[in-house]
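Before any comments, here is the structure.
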Amino acid sequence: MNIHINGQSYSLNHESKITVSAALALYFIEPQQSTFAVAVNGDFVSREDYENTHVINGDSIDVLLPIQGG
Amino acid sequence: MSLTLYGQKLDSRLLIGSALYPSPEIMKQAIIASGSQVITLSLKRQNPAEKSGQKIWQYLQSIVKQVDGYLLPNTAGCKTAKEAVTLAKMSKEIFQTDWIKLEVIGDDYNLQPDPIELLNATEQLLNDGFKVLPYCTDDLVLCQRLYDLGCQVIMPWASPIGTGKGLMNPYNLETIRLRLPQATLILDAGIGKPSDACLAMEMGYDGVLLNSAIALADNPILMAKAFSQALQAGEQGYIAGIMEQRQTAHPSTPTLDTPFWHQQ
């Protein structure tokens, strides 16, 4: 299956679905030490739901961090 | 000079953005010089493995702590109610605040808010317990609708974001103030110079939110002080009561016993 994280494509040949936690591990290490928030296909997924929310082929994950803003 | 936003009392009527400064240190000094206790910020796609995002976040946290202030996350970049609601929820998780500066943009050219999507997002977020500070156009009926939905704070624009054009339509802004006396009105976006902020305060606005006018000044720290003083001057002028304009001249100097006066 293919998923997208912040627009970057990831191919996973042996899975039909993975948890958000597992998907984030593809993208970066040590997620527990970082400040970020996640949306899957445009819907917010809270931190406590990373383990019980799954992504499947074609899903898109946004990982957002704080920046300066007006 | 105190301002209350959703029950939170603040010492300054200026809300300040954290973007576009020449350096983080100048941003910090400018925010401190402004006296503001409300600092806006945003979220964007980044890889947490790149430490720059974490670094600026830690720096902003230290500034907020230093000024005993509050973060006001925005939903910049959102074009639909769904996007704005999602971003607000993500902001709440990160920043641990139910305040949200709600931006839903309807036009890329002038970054004009989409009033329909804005109302839709406002309703959803208020129902979810957010304290919504909507960025909107200077449309009386839109502001009235936002107030009726339950927004205690409404933030009409002075002019499009980042233009520095000042108060495009003073009549509209004065009318909103007149018609919504109970609403907390913050003039947001398009402010270019301290006199713009002063004018808003002279109209009876409760505060001003700005970023570019300070961050893009030659000397942002000095400009931050100038804005702080302009807001104070405008507020005091409003409280003092501004004289009525008159159509004809009236001499200030007493006319009785005018020197060299002769009966015609």
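Tabulated data for the structure shown
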item: Any hit, region B:34-47, residues being in contact with a helix residue (DSSP H, G or I) (Cβ under 7 Å, 6 or more places away or on another chain) and in a helix (DSSP H, G or I); result: yes
item: Close pairs (6 angstrom Cβ cut-off, 6 or more residues apart or separate chains): open to solvent by less than 30 Å² (accessible area, probe 1.4 Å) in region B:217-245, acidic (Asp, Glu) anywhere; result: B:Gly234/B:Glu202; B:Gly237/B:Glu202
item: Residue within region B:60-81 that is more than 8 Å from chain A (Cβ to nearest Cβ), surrounded by 22 or more Cβ atoms within 10 Å (Cβ to Cβ), part of a helix (DSSP H, G or I) and within 19 Å of the chain's Cα centre (by Cα) present; result: no
item: Verdict on A:Ile56 being crowded, with 16+ Cβ neighbours inside 10 Å and either free of Cβ contacts under 8 Å to residues at least 60 places away in the same chain or within 9 Å of chain B (Cβ to nearest Cβ) (or both); result: no
item: Filtered residue count, region B:118-130, keeping only those that are open to solvent by less than 60 Å² (accessible area, probe 1.4 Å) and more than 13 Å from B:Thr86 (Cβ to Cβ); result: 5
item: Those strands (runs of 3 or more DSSP E) lying entirely in region B:93-196 with at least 2 residues more than 14 Å from chain A (Cβ to nearest Cβ) and modelled with pLDDT of 95 or more; result: B:105-107, B:131-136, B:153-156, B:184-188
item: Residue tally, condition open to solvent by less than 10 Å² (accessible area, probe 1.4 Å) and outside any loop (DSSP other than H, G, I, E, B), over region B:48-59; result: 1
item: Answer from B:Gln182, B:Gln96 - the residue that is open to solvent by 40 Å² or more (accessible area, probe 1.4 Å) and farther than 21 Å from B:Ile39 by Cα; result: B:Gln182
item: In region A:24-70, the residues that are of a type in the set (A, V, I, L, M, F, W, C), part of a helix (DSSP H, G or I) and under 30 Å from B:Leu102 (Cα atoms); result: A:Leu24
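The values are calculated or read from the model by the stated rules, or taken from the named source; none is laboratory data. The structure displayed is predicted, hence computed values, not measured ones. Glycine also receives a Cβ, built like all others from the backbone with ideal geometry; neighbour counts cover every protein chain displayed. Remember, those area values only see protein heavy atoms, side chains included, never the ligands or the DNA or RNA. Shrake-Rupley method; radii C 1.70, N 1.55, O 1.52, S 1.80 Å.
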